[in-house]
Amino acid sequence: MVRQFLWCVILAVIAINPTYAASTYIKLSTDTQTVYLGDIIIINVESTGLQAPLDVSKWQADDAFLRETTGTRIAVIGGKVAEIKIRRMEFISDTVGQHIYGPLIGEGAGEELLSNSVAVSVLPAADKQWQASADDYSATMTLSNSTPYIGQQLSLDIELQHKYPISGEIIQLPTLENLDVLPIYEARRTTVDNKEGFQQTAWRYLVHPNKSGQINLDNLQWSGTFVRSRTQRGEFEVEVSGIQLNVKPAKSINEQWWLPANSVELQDEWSKEVTQLSAGEQVLRTITLEATGVLSSQLPEITPLESRAISSTLISTEREQNLEGAQTRSRAKFIYRMTAQSPIPVFLDTVRVAWWDVNQDEARESIIPARRINIGLPERAELLADLALNESYWARWYIRLA
């Protein structure tokens with residue numbers, strides 16, 4: 001009766017406005033008007049002549065939403081060839097009763113369009129005696145290292161695998177207190193390569209303990225009803241024990257910034273060759289610090305040691321991080337304006353970054369070697385111009401010498 005009524009409404013709309021009906025429309029339909037609890041509900045969405053894509057984000061955000069496929073077909077409507085957009089959306093029937101889908105709203109030919117609605121009746125499961133075995137599902141929670149240093153990067157992986165669709169699914173993930181967390185991915189209902197017919201929901205996080213001592217990850221809880229067939233249902237409840245971390249405190253490395261990493265690289269670049277500079281001349285020095293297995297916020301500030309004949313002023317700092325495989329690569333770039341002050345040889349001190357190699361469990365140091373820069377007197381013409389403009393000390397000193 002509901003379906004007949006809906007078709008009557010559609011035919012009435014066409015009769016009232018034939019031009020509108022022929023050029024633009026949105027239509028919902030289903031091949032699953034009556035299903036058992038846990039069965040798949042299929043909603044077909046057809047549309048043509050719309051000025052913008054249909055908004056189905058609310059449907060996609062529904063916990064019962066599984067997947068969708070899209071496509072097009074060509075049809076002749078009102079004597080004209082039209083492209084019909086098709087969406088096939090699948091949902092799990094997770095509650096008993098009548099489920100209403102629609103209406104959807106779109107825009108076409110300068111006016112608002114409203115689709116029909118479809119109703120699906122979900123009946124109770126007929127047989128609840130079947131129970132899934134241990135071969136039908138699994139739940140795991142693994143941490144790459146349970147005895148890390150404070151600040152060390154760890155990977156936390158959670159995988160829920162199952163052979164049959166699930167209705168009424170409830171997942172309670174562990175809280176991640178006392179950890180700095182970087183979510184990497186959440187993949188729902190993906191196929192499992194080495195298990196035919198299995199699907200999985202998986203999460204991966206990169207975590208960094210932010211305190212030493214004991215940290216406890218809560219238990220993982222997973223429950224619901226497996227749907228083996230139209231009449232066979234089996235409730236399940238899984239609890240995965242939490243994980244205890246024993247976090248080691250930072251090691252003392254000459255009281256320098258604590259940086260637990262897999263690797264660290266330090267390098268610098270100059271805006272011009274600086275073997276020979278003139279007093280008063282300015283150049284840019286860029287110091288870049290890269291490390292794997294840390295966040296960009298964990299990288300220390302780099303400040304070159306002061307020299308009596310050349311000054312440095314920090315003018316910009318850039319930080320970024322990217323994912324490389326199962327770890328992060330972070331970069332910090334510091335740009336300094338270096339100004340030559342006195343016409344004498346200058347020895348720039350070594351730039352040092354101390355860090356802890358978490359792979360070898362030992363202290364390391366990355367350096368930019370010390371270097372010599374010869375600073376000479378500027379040209380006389382440049383000094384005279386500088387004197388005229390600024391009455392610079394160097395210009396007056398040079399003229400007295402001359």
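Structure data summary
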read-out: Condition met for SER155 (among the hydroxyl-bearing types (Ser, Thr, Tyr) and either buried (at least 17 other Cβ atoms within 10 Å of the Cβ) or in a strand (DSSP E or B) (or both)); value: yes
read-out: The stretch 251-279, residues that are of a type in the set (Gly, Ala, Ser), open to solvent by less than 50 Å² (accessible area, probe 1.4 Å) and not in a strand (DSSP E or B); value: ALA279
read-out: Only one of SER312, SER316 that is of a type in the set (S, T, N, Q), free of Cβ contacts under 8 Å to residues at least 40 places away in the same chain, over 21 Å from ALA363 (Cα atoms) and surrounded by 14 or more Cβ atoms within 10 Å (Cβ to Cβ); value: SER312
read-out: Residue selected from the stretch 226-249 under the condition closer than 30 Å to LEU143 by Cβ and open to solvent by less than 50 Å² (accessible area, probe 1.4 Å), by the criterion modelled with the lowest pLDDT; value: PHE226
read-out: Test: residue in the stretch 187-205 that is closer than 21 Å to VAL247 by Cα, outside any strand (DSSP E or B) and open to solvent by 30 Å² or more (accessible area, probe 1.4 Å); value: no
read-out: Residue match in the stretch 54-69 (condition: within 41 Å of the chain's Cα centre (by Cα), surrounded by fewer than 16 Cβ atoms within 10 Å (Cβ to Cβ) and at pLDDT below 85); value: yes
read-out: Those strands (runs of 3 or more DSSP E) lying entirely in the stretch 337-402 with at least 1 residues modelled with pLDDT under 85 and open to solvent by less than 30 Å² (accessible area, probe 1.4 Å); value: 371-376
read-out: For GLY110: the one exception among (1) surrounded by 14 or more Cβ atoms within 10 Å (Cβ to Cβ); (2) farther than 24 Å from LEU220 by Cα; value: (1)
read-out: Complete set of residues in the stretch 206-223 that are over 17 Å from THR140 (Cβ atoms) and open to solvent by 10 Å² or more (accessible area, probe 1.4 Å); value: ASN210, LYS211, SER212, GLY213, GLN214, ASN216
read-out: Residue selected from the stretch 128-145 under the condition in contact with a strand residue (DSSP E or B) (Cβ under 9 Å, 6 or more places away or on another chain) and among the polar types (S, T, N, Q), by the criterion most open to solvent (accessible area, probe 1.4 Å); value: GLN129
read-out: Qualifying residue in the stretch 70-84 (condition: under 28 Å from the mean Cα position of the chain (by Cα) and part of a strand (DSSP E or B)); value: yes
read-out: Failed criterion for ALA332 (all others in (1) out of contact with any helix residue (DSSP H, G or I) (no Cβ under 8 Å at 6 or more places or on another chain); (2) open to solvent by less than 80 Å² (accessible area, probe 1.4 Å); (3) of a type outside the set (D, E, K, R) hold); value: (1)
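The values are calculated or read from the model by the stated rules, or taken from the named source; none is laboratory data. All of these numbers come straight from a predicted model, not from anything done at the bench. Methodologically, a virtual Cβ is constructed for each residue, glycine included, from the backbone with ideal geometry; neighbour enumeration extends over all protein chains shown. Ligands, DNA and RNA are excluded from the accessible area calculation, which covers all protein heavy atoms including side chains. Shrake-Rupley method; radii C 1.70, N 1.55, O 1.52, S 1.80 Å.
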